[in-house]
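No lab work stands behind these numbers, since they all come straight from the coordinates. Note that the structure is a prediction, hence the values are computed from the model and not measured. Positions of Cβ are generated from backbone atoms using ideal geometry, with glycine treated the same way; all protein chains shown enter the neighbour counts.
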Amino acid sequence: MNDEKTLFGLDPETAWQPLFPTPSTWNAAKLAHLHRRAEFGASRARLEETSFVPPAELVASIVEGREDRRYEEDVDRLRETALARSDIRSLQALWIYRMMHSPHPLRERMTLFWHDHFATSHAKVGNYRLMQRQNELLRRHALGHFGEMLQEITRDPAMLIWLDSHTNRVGHANENYAREIFELFGLGVGHYTEADILEAARAFTGWDVHDGEPRFQPQFFDAGEKTILGRTGPWGAGDVVRIVLEQPACGRFLVRKLFAEFVSETIEPGEDVLEPLVEGFRVRNYDIAWLMQTMLGSWTFFSDEAMRHRVKSPVEFVLGAVRELDGPAGPLRLAELCERMGQSLFRPPSVKGWDGGGNWLNSRTMLVRQQTMIELTRGRGLGQRTDPARLVSSRGESGDVGLAETFLDLMLQRPDHPARDRIAALLGEERRRVQRGFASASSVDGELARTAAQLVAALPDYQLA
Amino acid sequence: MFVPFRPLFPATFALLVVSTTTAVSAEPEPWLVVDVHRPARLLRHELVTSVRSALAESPDFRDRQRTPELERVRGLLEFVENALGVEWESGLDRLVRRARLQGFDPDRPMANVLVVESDSRETQVELLNALAKRIPPLGPLAEQVGSGAAASRPVRIGPLLVAVDGARILVSGDESLLKRVGSETLPAANDADLVLSARLNVDRLRDRIEAEEAFAFPHRDPGAVATVGGWLARIRNGRELHVELRSRERGLEVSASLISERTGDVPRIGGFFAPADSAQPTPLRPTGTIFAASWYRDYARLWADRDELLEAEVVERMEERDGEVRDELKVLGLNRLPSEVVGMLGTDYHVVVMRGESPDYDVHRDERLPMAAVAISLRDEQAFRETFEPVFKVVGLILAGEQKMLVKQAPHGDAVITTARYRDDRGSRESGNALRYHFAPSWTVARGHVVVGSTRRSVATVLEEIERKRSTNVEVHGNREAAASENGFVSFREAAVALQEARPLLVGRAQLEEGISSRRADTELRVARTILEALGSATIRTSTDDTTINVTLVVGHTDATK
């Protein structure tokens, strides 16, 4: 491992201790960091509402979420509406709607993580209802116990079709699912052999999909003895999952992946640093909620090295902007824009999911990010409810520097950002252009607010979560 | 919010926005005259106040009031309030008792003269003093008027000249016109309800090069001739357009008259508008009608006159195509030229959109959508039936085969309605658009009409309405609406009910397309319904004679019964 990337010589004993809030460790930037990573971002109102809550308490409430029966009923109806439209864009929009309105945003954020982890694409499954069913499964277990999720996903109809398990029969074993449960879902490369894959494939035989439901057909199951990861027996699908969960590599693999997703994708922590999390995760029967609460509440999570050290995925980018601009915005259009930025929900590029990180950014996707922000900030169409003009002082007394600071603060929590003066100068030029006739100071500031939001969104920092 | 907001921008102020300056040569007559009489009355009209109070309940509308565009309007209204010390509606009433805009050259905006008369000279002084603070060049004008001068010398502000004469303020880009118009007295309204009247010299407008294309008659486009040719011919030959807006007790009325030359560049199109002595279509408005339109058109006559209306080459091509289409349609069992089929149709056309009913399908749909039907009168019902019966059979077979629809016939009185419906077997919800389960295309030939509708019920309802008109001695072909060529009717109240019936669909759409929560979508829907209920209904009627087309639109609670 590169020493420079080791997480600043962390002491494994203290790395995951809860953050002790002091004026230097707990401020608006840290608060926004938590909301950005765990909830796709926050509106100004949400930031104000949570600014007086101690971090440990806030993290606990984010992990626990909130129940809202009306929201659930609402989403149940909307699911049927989206399914009746029979197009993938509507399903994508339904999910984005949930990310936008859910009373438990971390659950949606985790669902997105698991969708990338158990990457399944409609391109092959070809059934909207099955894709939605898998999405519900991931949501149900998103903050539950990983073992239960792995058991269920193994029999999930969309997954059975996606990795050809429905054609996996005795004598004609298909290795796809066996390979991925080891390599991508449970252990990671280097913790299994080709022989383990062949034997596990036999254990996964006998399952297919009938009338949208998983079905076990004993006549197609290979009931013979198999040796998998050193265990021998007449194993079936559930046994393989159990054996995977018993491997020490399983916890390490998942914790490292969640660390990269929620703490830092540029720093590679040593095994000893992660070990307290891995051990706690294992003894708690892979309790994801515990792991997330520990990770998100730790001082490591709030360290400067963790902040703005992840490239926002397209979904994080659009949802973050909508939240910061006090949306909502149209989910169908947002889903389309996400796809143009490289993240088509329900259609990951391969079983490995999205490459993520720096791969999200290239000349084409940066252009789409800019276009997205222009759409969201122009006060009409997609941006009719995310108009930055509504966020500025109603009396128009901000001035160019004030406006630049307002949006640098709102979107980057850095009113003193080095780009402030340059943005203010550009706003000054724009002000001279728009000032005319009966335009009141507040209406000019409103128009400039749109420009200010676009300029801040074009900064490199804004691409980082 | 589903209803796009359009700010009510006082016309008088909008007219102040003029762009360039050029000299003008004196013209004897203006090409455009717009007179406004106490426009603030509109703001206090029951219809407008109801809509405004409903809009105030809309979260989207409230949000939009915080946008720069509306801040600008608010800034203007606040200016009026501050200048006159009253709320802006009263301020506007005081500022604009009467106004007249005259245009003397359509190519030169500076050749316009705007005269606004306020309720008193004192109001004018107050306004000018306030304006002078924002627009310093107005200072001398304010001083002159403030010192008691009855009339001021014009003051130049950018390209415009502004002068004050008593309670009147005059604005123009041309000094000679300003002087000339300044000496004229503003006319009084013809009647107490009149808010706006406008007179446009179409001749002058038409002679402009840019207008040539817009006014051109589509001699090479048979589709355009058939759909809007009559209108275009009248406009092409038009001389003058009059528009009036009246604020009636229960609604608003807009009327427009286009006066044409008896002869002009373009031939009158026979068969497009109903001749005064011919049968007129009476509107069909069954219970639950949201929208109904009836119009006269004699396509057989249009076809017969094709040599006069279209270029020879186009006519030749159409005639060739006429034969080709006949050959193509033989596969459907129709061995007639399309022109012969057109000859079977009568002159009355009706479209009716009415509130729907629960879909007649096993697949459950939460929403209820409106249904629609089209009815066309027939010259010879028996001949039409004999010609088209084999066609309908073939169409039924195609629908049953390719579209996997069930086609069945059922009697309705002495008529037979054929209906094609989708199969709604288990699982069909997952494949294809579930909205189709609101539709079951149906048709019949009966009561002298061919009727095609979106559902069986829509066809049956229209048939019953035709029968009802007959039995109550109202001839559907009868000359009930003297000289009315076209009738349109919209019931906003029924539309409000239909909106509520379509709620699940609309709320779902608002969630997926706008991203708003169902709670907010419900609020916006309620606001939209309130606005529709406030609007009541609208009727539009077009009548023609030898020289004039009159169009009258009435919106409001003026049509309590059918």
**Request:** For chain A, evaluate the Debye formula with one uniform point scatterer on each Cα (no solvent term) and list log10 I(q)/I(0) at q = 0.06, 0.07, 0.12 Å⁻¹, rounded to two decimals.
**Result:** -0.29, -0.40, -1.07
**Request:** List the residues whose amide H sits under 5 Å from the amide H of A:G270, counting only those 5 or more places along or on another chain, with H placed 1.01 Å from N in the peptide plane.
**Result:** A:L7
**Message:** Quick check: Cα centre of the stretch A:39-109 to Cα centre of the stretch B:105-160, how many Å?
**Reply:** 57 Å
**Complete:** Sorted by chain and number, the residues with a modelled amide H under 5 Å from that of B:V195, at a separation of 5 or more or across chains, are B:L245, B:R246, B:S247
**Request:** Kindly put B:T387, A:T14 in sequence by how many other C-beta atoms sit within 10 Å of each C-beta, fewest to most.
**Result:** A:T14, B:T387
**Item:** Cα-based Kirkwood hydrodynamic radius, the stretch B:33-72, one decimal, Å
**Value:** 12.0 Å
**Message:** I want to make sure I understand the PRE zone here: with the label point 7 angstrom from the Cα of B:R470 toward its beta carbon, which residues in the stretch B:385-421 have backbone N atoms less than 18 Å away?
**Reply:** B:385-386, B:411-418
**Request:** Let me know the Kirkwood hydrodynamic radius for the stretch A:263-331, please, with Cα pairs as the basis and the value in Å to one decimal.
**Result:** 14.3 Å
**Asked** Relative to the longest principal axis of chain B, what angle (0 to 90°, nearest 10) does the C-alpha long axis of helix B:68-84 take?
**Response** 40 degrees
**Request:** Starting from the Kirkwood radius over alpha-carbon pairs of the protein assembly as shown, derive D by Stokes-Einstein at 4 °C in a medium of 1.567 mPa s and give it in µm² s⁻¹.
**Result:** 37 µm²/s
**Request:** Compute the separation of the alpha-carbon centres of the stretch B:316-353 and the stretch B:30-77 and state it in Å as a whole number.
**Result:** 49 Å
**Order of A:F182, A:F302, A:F52 under a 10 Å beta carbon neighbour criterion, fewest first** = A:F52, A:F302, A:F182
**Fill in**
The farthest towards the positive end of the charge dipole of the protein assembly as shown, of the residues B:A292, A:P349, B:L186, given +1 on Cβ of Lys and Arg and -1 on Cβ of Asp and Glu, is B:L186
**Signed unit charges on C-beta, dipole axis of the protein assembly as shown, positive-most listed residue B:G508, A:Q371, B:A312** = B:G508
**Item:** Point-charge dipole on Cβ atoms (K/R +1, D/E -1) for chain B, about Cα centre, debye to 20
**Value:** 1500 debye
**Request:** Enumerate by residue number the trypsin sites (Lys or Arg not before Pro) in the stretch A:25-113 meeting two conditions: DSSP loop (anything except H, G, I, E, B), and at most 11 other Cβ atoms within 10 Å of the site's Cβ.
**Result:** A:R66
**Request:** Give the long-range amide H neighbours of B:A440: residues separated by 5 or more places, or on another chain, with amide H under 5 Å away, using H modelled in the peptide plane at 1.01 Å from N.
**Result:** B:T455, B:R456
**For the stretch B:59-162, diffusion coefficient by Stokes-Einstein and Kirkwood Rh (Cα), 10 °C, 1.306 mPa s, µm²/s** = 102 µm²/s
**Translational diffusion of chain B, µm² s⁻¹ [Kirkwood Rh, Cα pairs; Stokes-Einstein; 37 °C; 0.692 mPa s]** = 118 µm²/s
**Request:** Using label points projected 7 Å from each Cα along Cα→Cβ, tell me how many nm separate B:E57 and A:D11, to one decimal.
**Result:** 6.4 nm
**Taking the convex hull of Cα positions in the stretch B:255-356, its mean projected area over all directions (nm²)** = 10.2 nm²
**Asked** Which longest run of chain A has no exposed loop site in it, a site being GluC sites (Glu not before Pro) in a DSSP loop with at most 10 other beta carbons within 10 Å, and the site itself not part of the run?
**Response** A:68-465
**Asked** How much mean residue ellipticity at 222 nm does the protein assembly as shown get from its helices, if each DSSP H run of length 4 or more adds -39500 (n - 2.57) and you divide by all residues, to the nearest 500 deg cm²/dmol?
**Response** -13500 deg cm²/dmol
**Message:** Can you compute the label reach from B:T185? Point 7 Å from Cα along the Cβ direction, backbone N cut-off under 16 Å, restricted to the stretch B:145-166.
**Reply:** B:166
**Request:** Find the lysine pairs in chain B meeting two conditions, Cα atoms under 27 Å apart and a separation of 8 or more places or different chains, and report how many there are.
**Result:** 7
**Message:** How would B:K133, A:K312 line up from fewest to most surrounding beta-carbon atoms within 10 angstrom?
**Reply:** B:K133, A:K312
**Asked** Helix A:331-340 sits at what angle to the longest principal axis of chain A, using alpha carbons and giving 0 to 90 degrees rounded to 10?
**Response** 80 degrees
**Complete:** Low-density loop GluC sites (Glu not before Pro), the stretch B:199-263, at most 16 other Cβ within 10 Å, DSSP non-H/G/I/E/B, are B:E249, B:E261
**For chain A: lysine pairs under 20 Å (alpha-carbon distance), excluding those fewer than 8 apart on one chain** = 6
**Request:** Might you report the magnitude of the Cβ-based charge dipole of the protein assembly as shown about its Cα centre, with Lys and Arg at +1 and Asp and Glu at -1, to the nearest 20 debye?
**Result:** 1240 debye
**Where only C-alpha atoms are counted, convex hull volume of the stretch B:353-426 per residue in Å³** = 122 Å³
**Message:** Given R₀ = 41 Å, what would the calculated FRET efficiency be for A:T167 paired with A:E336, taking r from the Cβ atoms and rounding to 0.05?
**Reply:** 0.75
